[in-house]
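One structure is given here, and the rest of the page talks about it.
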Amino acid sequence: MHSAPNRSANLVARVIQDVWNTGRVHELDRILAAGYVRHGRIRDTSIHALKESILLARSAFPDLQTSIEHIVTEGDLVASHWRSAGTHRGSFYDLPMTPKTVEITGMTFSRLADGQIIEEWENWDHTDLFASLGVVNLGVA
């Protein structure tokens with residue numbers, strides 16, 4: 001039997017394995033709570049906006065694979081440090097395909113309640129991604 005922290009870490013890992021790495025965004029309906037909010041650099045987003053973001057990323061980088069480098073649980077929080085890599089094979093924010101392979105890292109703090117993720121704080125450097133694609137300043141938030 002898994003302890004509560006392991007179950008929490010496994011749930012967060014499922015978002016990477018079952019959704020980001022496959023594009024099966026419908027899986028989020030079971031993993032995320034109905035009032036889920038993701039806090040980003042500029043604005044907060046909903047489940048719907050997260051699904052759109054995943055589909056956009058997978059369309060532009062169809063071989064996108066993300067792995068968890070570190071994961072730590074404390075109380076109702078799970079902190080994950082992740083690494084994503086993929087090949088730019090489709091349009092991305094009006095940027096035509098470059099066939100370049102990119103790699104980014106980031107961190108997400110997830111808050112859980114009743115077996116679901118209810119809130120997340122995500123941080124990654126967007127400039128790393130666009131610089132890898134040869135774009136100095138795209139002005140994307």
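What follows draws every value from the coordinates through simple rules; no lab data is involved. Small disclaimer: the values here were computed from a predicted structure and weren't measured. Neighbour counts are summed over all protein chains in view; Cβ atoms, including those assigned to glycine, are modelled from backbone coordinates with ideal geometry.
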* Mind checking the dipole of the chain: about its Cα centre, +1 per Lys or Arg Cβ, -1 per Asp or Glu Cβ, Debye to the nearest 20? -> 260 debye
* **Relative contact order (%) - criterion: Cα under 8 Å, at least six apart; region: the chain** => 23 percent
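Test of the criteria: in segment 31-104, which GluC sites (Glu not before Pro) are in a DSSP loop and have at most 11 other Cβ atoms within 10 angstrom of their Cβ?
On the way: sites: Glu52, Glu69, Glu74, Glu103; in loops: none.
Of the GluC sites (Glu not before Pro), not one in the loops of segment 31-104 has a Cβ with at most 11 other Cβ atoms within 10 Å.
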* Which order do Ser91, Ser53 fall in if you start with the one that has the fewest other Cβ atoms within 10 Å? -> Ser91, Ser53
* Residue by residue through segment 24-36, which ³J(HN,Hα) values in whole Hz follow from phi under the Karplus form 6.51 cos²θ - 1.76 cosθ + 1.60 (θ = phi - 60°), with glycine and proline marked x? -> 7, 5, 4, 4, 5, 4, 9, 8, 9, 5, 4, x, 3
* To do: Return the calculated 222 nm mean residue ellipticity for the chain, to the nearest 500 deg cm²/dmol, obtained by summing -39500 (n - 2.57) across DSSP H runs with n ≥ 4 and dividing by the residue count.
  => -7000 deg cm²/dmol
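With a 10 Å Cβ neighbour count serving as the proxy for reagent exposure, in which order, fewest first, do Arg111, Arg38 appear? Please list the in-between numbers first.
Details: Arg111 17, Arg38 20.
If I rank by nearby Cβ atoms, fewest first, I get Arg111, Arg38.
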* To do: Please identify, among Gly90, Gly35, Gly23, the residue showing maximal mean-square fluctuation in a Gaussian network model of the chain using a 10 angstrom Cα cutoff.
  => Gly35
* Report, in degrees rounded to the nearest 10, the 0 to 90 angle that the Cα long axis of helix 4-14 makes with the longest principal axis of the chain. => 30 degrees
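Find out how many positive minus negative residues lie around Ser59, taking Lys and Arg as positive, Asp and Glu as negative, among other residues whose Cβ is under 11 Å from that of Ser59.
On the way: positive: Arg58, Arg89; negative: Glu52.
My count for the surroundings of Ser59 gives +1.
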* How much length, in nm to one decimal, is gained on full extension between Leu55 and Asp125, taken as 0.36 nm per residue of separation minus their Cα-Cα distance? -> 23.3 nm
